[in-house]
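Step one of this worksheet: look at the structure below.
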Amino acid sequence: MFTAKDVMALREMSGAGMMDCKKALVECDGDMDKAMDYLREKSLAASAKKASRIAAEGIVASYVSEDGKTGVIVEMNCETDFVAKTDDFKALVNTIAKLIADKDPADVDALMALDTGDGTVAELITRAVAKIGEKITIRRFARCHVEDGMVDTYVHLGGKIGVLVDVACQDAASAKPVAHDIAMHIAAAKPTCLSKADVNQDDVEHERKILREQAMNEPKPKPANIIEKMVEGRIEKYYKEVCLLEQPFVKEPDISVAQLIKRNGDMNVRAFYRFEMGEGLQKREDNFAEEVMGQMKK
């Protein structure tokens with residue numbers, strides 16, 4: 001009917017557990033193709049059961065094409081930090097990152113529908129869920145493609161923070177070290193926009209209103225014109241906190257990022273993306289000891 005080698009072969013093809021593969025072959029009278037379909041159907045069922053779980057761990061991964069013209073960062077989530085550190089999960093995220101670079105999907109839904117040559121991305125995720133045993137989601141991604149410059153990426157703490165930078169330049173080789181330093185700076189300094197022109201003016205006015213109230217409530221009242229000067233001084237400080245080009249460069253705090261760029265010739269930062277893994281997501285609150293005991297009882 002079928003042999004142990006058949007079970008092993010099906011396990012290699014599907015990534016499913018040994019007992020699941022054996023059961024599939026029993027149910028399908030040893031037919032490998034039917035057994036594979038059977039496992040896929042069961043994988044879908046397993047995924048549905050996991051869909052309500054919280055996937056708030058994971059990693060941010062990056063990919064840059066060999067010519068340095070296309071770059072990607074992608075955040076994928078799973079349920080536990082243990083799984084996020086496994087080779088299988090990391091390989092899956094790296095595969096997805098390269099696919100994004102090659103295919104340029106419009107959004108996560110379009111990405112999930114892409115053909116990988118072995119089913120869609122959604123099916124690839126489903127098989128990974130069956131093999132790994134946790135809910136897996138693609139949360140977000142950013143992709144840059146340039147013709148007149150280069151892209152660079154930086155991933156910090158094994159995937160906790162990822163940065164993608166789009167740089168206009170004439171000489172990519174000389175610009176690359178500076179671009180990488182800027183990517184590392186973005187990871188550390190958390191800018192939210194590129195320049196003053198990109199700051200939401202409603203946010204600026206909100207900040208200005210708060211600062212004005214603070215100045216007016218100080219113990220020693222000050223004239224209105226002095227208060228306005230104080231407020232504008234603090235607004236400049238606010239710009240240095242949120243605008244990449246205004247921030248003091250982390251390696252040389254005496255100069256701004258804009259001055260760093262100017263010092264290094266014909267280059268300019270056009271855009272950047274910064275992903276911090278799990279920001280804004282609800283974290284699991286399971287009792288790990290109780291979970292282990294539950295598994296042992298099963």
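Here, each number is a calculation from the coordinates, and none is a lab measurement. Here the structure is a predicted model, which is why all the values come from computation and not from measurement. Cβ coordinates were reconstructed from backbone atoms using ideal geometry, including for glycine residues, and neighbour counts include every protein chain displayed.
So which residue, out of Asp20, Asp104, Asp254, gets the largest mean-square fluctuation from a GNM of the chain using Cα contacts under 10 Å as springs?
Maximum among the listed residues: Asp254.
Sticking with the crude label model, points 7 Å out along Cα→Cβ, report the distance from Thr192 to Lys237 in nm, one decimal please.
1.7
For the chain, what class follows from the C-alpha gyration tensor (a ≥ b ≥ c being the square roots of its eigenvalues): rounded when a/c is under 1.5, otherwise prolate if a/b is larger than b/c, else oblate?
Numbers: a/c = 3.38, a/b = 1.96, b/c = 1.73.
Cα axes put the chain in the prolate bin.
Sort Val178, Val257 by Cβ crowding within 10 Å, fewest neighbours at the top. Please list the in-between numbers first.
Numbers: Val178 19, Val257 24.
Listing Val178, Val257 from fewest to most nearby Cβ atoms yields Val178, Val257.
Could you give the length gained by full extension between Glu228 and Met8, i.e. 0.36 nm per residue of separation minus their alpha carbon distance, to one decimal place?
71.7 nm
Once the principal axes of the Cα atoms of the range 102-190 are found, what is the range along each, listed largest first in whole angstroms?
45, 29, 18
For a quick check, take a GNM of the chain with Cα springs below 10 Å and name the residue from Ala101, Ala224, Ala122 with the largest mean-square fluctuation.
Per the Cα network of the chain with a 10 Å cutoff, Ala224 tops the list.
Applying the Karplus parametrisation 6.51 cos²θ - 1.76 cosθ + 1.60 with θ = phi - 60° to the phi angles of the range 173-182, what ³J(HN,Hα) value in whole Hz is obtained for each residue in order, glycine and proline being reported as x?
4, 7, 7, 4, x, 5, 4, 5, 4, 5
In the chain, what % of DSSP beta bridges are antiparallel (nearest 5)?
Numbers: 36 of 37 bridges.
For the chain, the DSSP antiparallel bridge percentage is about 95.
Where is the GNM fluctuation largest for the chain (alpha-carbon springs, 10 angstrom cutoff): Leu244, Leu194, Leu157?
Leu157
So how much slack lies between Ala122 and Glu27, counting 0.36 nm per residue of separation and subtracting their Cα-Cα distance, in nm?
On the way: separation 95, 0.36 × 95 = 34.20 nm, distance 2.56 nm.
Taking 0.36 nm per residue and subtracting the Cα distance, the gain is 31.6 nm.
Which whole-Hz ³J(HN,Hα) couplings does the range 151-167 yield from phi under the Karplus relation 6.51 cos²θ - 1.76 cosθ + 1.60, θ = phi - 60°, glycine and proline marked x?
10, 9, 10, 8, 10, 10, 6, x, x, 6, 9, x, 10, 10, 10, 9, 10
With runs of 4+ DSSP H residues as the only contributors, calculate the mean residue ellipticity of the chain at 222 nm using -39,500 (n - 2.57) per run, divided by the residue total and rounded to the nearest 500.
On the way: 12 runs with 148 residues, N = 298.
Helix-only estimate at 222 nm: -15500 deg cm²/dmol.
Label points 7 Å out from Cα along the Cβ direction at Met19 and Asn268: separation in nm?
6.3
Once you have the Cα-Cα distance between Asp202 and Asp107, take 0.36 nm times their residue separation minus that, and quote the gain in nm to one decimal. It would help to have the intermediate numbers written out before the result.
Working: separation 95, 0.36 × 95 = 34.20 nm, distance 2.80 nm.
Fully extending the segment from Asp202 to Asp107 adds 31.4 nm.
Hand me the GluC sites (Glu not before Pro) from the range 60-146 located in a DSSP loop with no more than 10 other Cβ atoms within 10 Å, in residue order please.
Numbers: sites: Glu66, Glu75, Glu79, Glu123, Glu134; in loops: Glu66, Glu79, Glu134.
Answer in residue order: Glu66.
If we count other beta carbons within 10 Å of each Cβ, what is the order of Ser174, Ser62, Ser256, fewest first?
Values: Ser174 14, Ser62 24, Ser256 18.
Sorted ascending by nearby Cβ count, the order is Ser174, Ser256, Ser62.
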